[in-house]
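Since the structure comes first, as structure tokens, the remarks are kept for the end.
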Amino acid sequence: MSGKNITQVRSGDADGIAVAARLLREGGLVALPTETVYGLAARADSEAAVARIYAAKGRPAFNPLIVHVADLAAAQGVAVFEPLALRLAHAFWPGPLTLVLPARAEAGLAPAVTAGLPTVALRVPAHPVMRGVLDASRLPLAAPSANRSGAVSPTRADHVVASLGKAVDLVLDGGECRRGLESTIVAVRDASTLAVLRPGPVTEAMLAAELRGATLLRGQAGATIEAPGQLARHYAPGKPVRLEAEERAPGEFLIGFGPVRGDISLSVSGNLEEAARRLYACLHEAAASPCPRIAVAPVPPEGLGAAINDRLRRAAVPDEA
Ligand code: TXA
Ligand code: MG
């Protein structure tokens, strides 16, 4: 399955979905669209298949993967759902919410998926191509974002090809991802406490509406051990990034927002949903430009702006070198 010289890209139509499902059953690696970003999928019950994800991404072994399943019933075979978790699943699945829950040992997940943690990160995605592959393969699929570890996430098939190229057996093209930012990750700590480990399209206000007395702990992202993947430096475009830029300094490629007109704009009208959808494509374009530095206009922190600013701050953390 590997060793080809060109990456196979196919349309995410019925034929493409069938081929992807077969490759996955055989232990292959398939990149495919979700509503958030493109994922790099492998069957979650195969240690060998999951090992290929870590190798293709250059991902550290201590950083566990999200398991994608077709529906809540399948999710309940993988993890233990208390009433609070069930409420969130009913409210937001299928959709861009990942729940970190106690793993069921009998689920048969490859140990590398959870990197040895007693918990598992689970979500039921909404994208029709990903849903088609989950239904056709009848497998739980481990899938991190389909980029090299630490690099900018992919929201189009060509981003995947540029970042992972020959390391994957197949890329299913489903066009641009509608949300553009990775799922919100929430750990259900006990019957009445949630912690947001990664802000995302399901905002704190949306979560708060489902709490009914439960407590929402915030600012947990970056609390290392709990979300090992939340390393400070992430989504790095490979050039220095300056935030809150009102105008372009010499040598900068400016990504605008609202009134700040840049070389390109996240959203000329200042719409946060559009900005989220376009964020990674804009960072990819800035990275590919001849300018040695990137600047980004201020984006308000409210609502979806929290997740956008979280990603921008991580993109702007300087290289250690
Ligand atoms: O939208 C998304 O979530 C995308 C699409 C493809 O579904 N996936 C994604 O995966 O963003 P990835 O691997 O790039 O991010 C997974 C995050 C990492 O920060 C990881 O540390 C965290 O989930 N994670 C996974 N299992 C965990 C666990 N048991 N406890 C805490 N954090 C966990
Ligand atoms: Mg990622």
Look through segment 137-159, keep the residues that are within 9 Å of ligand 1 (Cβ to nearest atom) and assigned to a strand (DSSP E or B), and return whichever of them is nearest to the chain's Cα centre (by Cα).
145
Matching residues, segment 53-79, being more than 13 Å from ligand 1 (Cβ to nearest atom) and β-branched (Val, Ile, Thr)
none
Lone qualifier among 203, 184 - being within 15 Å of ligand 1 (Cβ to nearest atom), over 29 Å from residue 27 (Cα atoms) and either small (Gly, Ala, Ser) or at pLDDT 95 or above (or both):
203
How about segment 160-171: which of its residues are outside any loop (DSSP other than H, G, I, E, B) and not charged (D, E, K, R)?
160, 161, 162, 163, 164, 165, 167, 170, 171
Any residue that is under 19 Å from residue 200 (Cβ atoms) and modelled with pLDDT under 95 - is there at least one of those in segment 123-134?
no
When the residues of segment 104-123 are filtered to those that are of a type in the set (Val, Ile, Thr) and over 14 Å from residue 41 (Cα atoms), which remaining residue is surrounded by the most Cβ atoms within 10 Å (Cβ to Cβ)?
120
Test: residue in segment 161-172 that is within 13 Å of ligand 1 (Cβ to nearest atom), crowded, with 23+ Cβ neighbours inside 10 Å and within 14 Å of the chain's Cα centre (by Cα):
no
Of 120, 129, the only residue that is more than 16 Å from ligand 2 (Cβ to nearest atom), touching an Asp or Glu at 6+ places or on another chain (Cβ under 9 Å) and farther than 30 Å from residue 318 by Cα is 129
Cβ contacts < 9 Å: first residue under 19 Å from residue 130 (Cβ atoms), restricted to segment 68-91; second residue within 16 Å of ligand 2 (Cβ to nearest atom) and in a helix (DSSP H, G or I), any location; separation 6+ or different chain. Result?
68/130
Condition first: among the polar types (S, T, N, Q) and closer than 14 Å to residue 98 by Cβ. Now tell me which residues in segment 182-210 satisfy that.
183, 184
Residue 141 among the hydrophobic types (A, V, I, L, M, F, W, C), within 16 Å of ligand 2 (Cβ to nearest atom), at pLDDT 95 or above and within 13 Å of residue 71 (Cα to Cα):
yes
Can you tell me which residues in segment 51-67 are at pLDDT 95 or above and more than 14 Å from ligand 2 (Cβ to nearest atom)?
51, 52, 55, 67
If you check residue 180 against the conditions, is it outside any strand (DSSP E or B), under 17 Å from the mean Cα position of the chain (by Cα), in contact (Cβ under 8 Å) with a residue 40 or more places away in the chain and on the phi > 0 side of the Ramachandran plot?
yes
Residues in segment 206-238 that are within 11 Å of ligand 1 (Cβ to nearest atom), at pLDDT 85 or above and either over 24 Å from residue 273 (Cβ atoms) or among the aromatic types (Phe, Trp, Tyr) (or both) total 1
Would you confirm whether or not segment 83-101 contains a residue that is within 16 Å of ligand 2 (Cβ to nearest atom), buried (at least 22 other Cβ atoms within 10 Å of the Cβ) and not in a strand (DSSP E or B)?
yes
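The values are calculated or read from the model by the stated rules, or taken from the named source; none is laboratory data. Note that the structure is a prediction, hence the values are computed from the model and not measured. Neighbour counts are summed over all protein chains in view; Cβ atoms, including those assigned to glycine, are modelled from backbone coordinates with ideal geometry.
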